[in-house]
1. Pull out a ≥ b ≥ c, the square roots of the eigenvalues of the alpha-carbon gyration tensor of the range 251-309, then state rounded if a/c is under 1.5, prolate if not and a/b is larger than b/c, and oblate in the remaining case.
2. Rounded if a/c is under 1.5, else prolate if a/b beats b/c, else oblate: with a ≥ b ≥ c from the C-alpha gyration tensor eigenvalues square-rooted, which is the range 186-317?
3. For the range 184-271, with all protein chains present and a 1.4 Å probe, just round the carbon and sulfur fraction of the accessible area to a whole percent.
4. Sticking with the crude label model, points 7 Å out along Cα→Cβ, report the distance from residue 304 to residue 187 in nm, one decimal please.
5. With θ set to phi - 60° and the Karplus curve 6.51 cos²θ - 1.76 cosθ + 1.60, what are the ³J(HN,Hα) couplings of the range 187-201 in order, to the nearest whole Hz, using x for Gly and Pro?
6. Looking at the square roots a ≥ b ≥ c of the eigenvalues of the Cα gyration tensor of the range 120-208, which shape do they give, rounded for a/c under 1.5, prolate if a/b is larger than b/c, or oblate?
7. How many Å² of accessible area per residue for the range 204-313, probe 1.4 Å?
8. Between residue 210 and residue 118, with labels modelled 7 Å along Cα→Cβ, what's the label distance in nm to one decimal, could you check?
Amino acid sequence: MNGPASRLLTRCSNATVFAGEAAIKPVKAQTSQTGETVVMEEAGTGTSRIVELSLRENAYDFLNESLRFADRATSGENSAWKFAIVLASQAVELLLKARLEDEHPLLVLANPDKGNSTATVDVPAALARLAGAGANFDAEDVSRLHHARRMRNQFAHYNVRATVDQLEAAFADLMEFAHVFHLEQLNGELHDLLDEDVYGIEAAMMDRFRRSLLTYQGSEVSRSLPLELLESQFALRVRFGDVVLDRIRCGAPEDILVGQYDGCCGDCSAVPGQLHVWGCDIERCPECGGQMLSCDCDAEWEWADEIDEWRTGYGAD
């Protein structure tokens, strides 16, 4: 903004907000869940506000919203698939640009030699530039990405005719590309950057990934395991005849490997605080103290009332 305008700065986990032309009075400062400093200030009336997001922050916002629309779509609101696909496609484009920015900020521009041009690269150009910088892409992933983006372009610019299965498959392809690309090129699991309320639909989409193995919570697991792990969180107790006991959580004092975890359970990928998957080698029986999988106790899980609704929503058995 021009002149010595006062500014309102709000740092809210994934956005910086400025406002000017007003007297500023700081209100509070705190640390967000991401470890980011949150400064809350207030201004007088007549302020203008600008939201500022990095390429990565913007991509994560698009991904979270795309998953929420996918959640609605899998619950029967078929028209929500168009928003899920359009938002996920935009998120992938932003992630590609974020990786280019890591190489050099000018690589994000379509014509970096033209000083006044702010047009940015499209997806084919971004893929080509990243390949030139040494990035390796699976040919099938790229093919599926282009197919999903063509569907996105139809939604944005033309008529669309597709089955629900085709729409869901296109969305799953976008999510698979985003997950693999983020892990290999942006040095971290995408799952860790998503909001907790979309974990269920994320796991359901993972179950549709082309790859049979994927990285989840620090371990290489079967693509079906994330859904099984989330489902297992609804079995809080286990019954032994007339006796009902709480299950022993990963990392609890009674857990077999308490204090020995390197981030997560090496068998089922549960992280400390989560419940293990049924049949996990590590879960301890709360009745006898032995390995739940092999002990002689006649154990039966007690499911929470919400499990049927959850299974219906995410296709779990």
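1. Numbers: a/c = 2.00, a/b = 1.19, b/c = 1.69.
The shape class here is oblate.
2. Note, shape of the range 186-317 comes out oblate.
3. On the way: 1760 of 4110 Å².
Carbon and sulfur atoms account for 43 percent of the accessible area of the range 184-271.
4. 3.6 nm
5. 6, x, 6, 5, 3, 5, 9, 8, 6, 4, 6, 9, 4, x, 5
6. Values: a/c = 1.95, a/b = 1.08, b/c = 1.81.
Because a/c hits 1.5 or more and a/b fails to exceed b/c, the range 120-208 counts as oblate.
7. Values: 5680 Å² over 110 residues.
Accessible area per residue, the range 204-313: 52 Å².
8. Result: 3.6 nm between the two label points.
The values are calculated or read from the model by the stated rules, or taken from the named source; none is laboratory data. All figures in this text were calculated on a predicted structure; none of them were measured in a lab. As a convention, Cβ positions derive from the backbone with ideal geometry for all residues, glycine included, and neighbour counts pool all protein chains shown. Accessible surface is based on the protein model in full, side chains and every heavy atom, while ligands, DNA and RNA are left aside. Shrake-Rupley method; radii C 1.70, N 1.55, O 1.52, S 1.80 Å.
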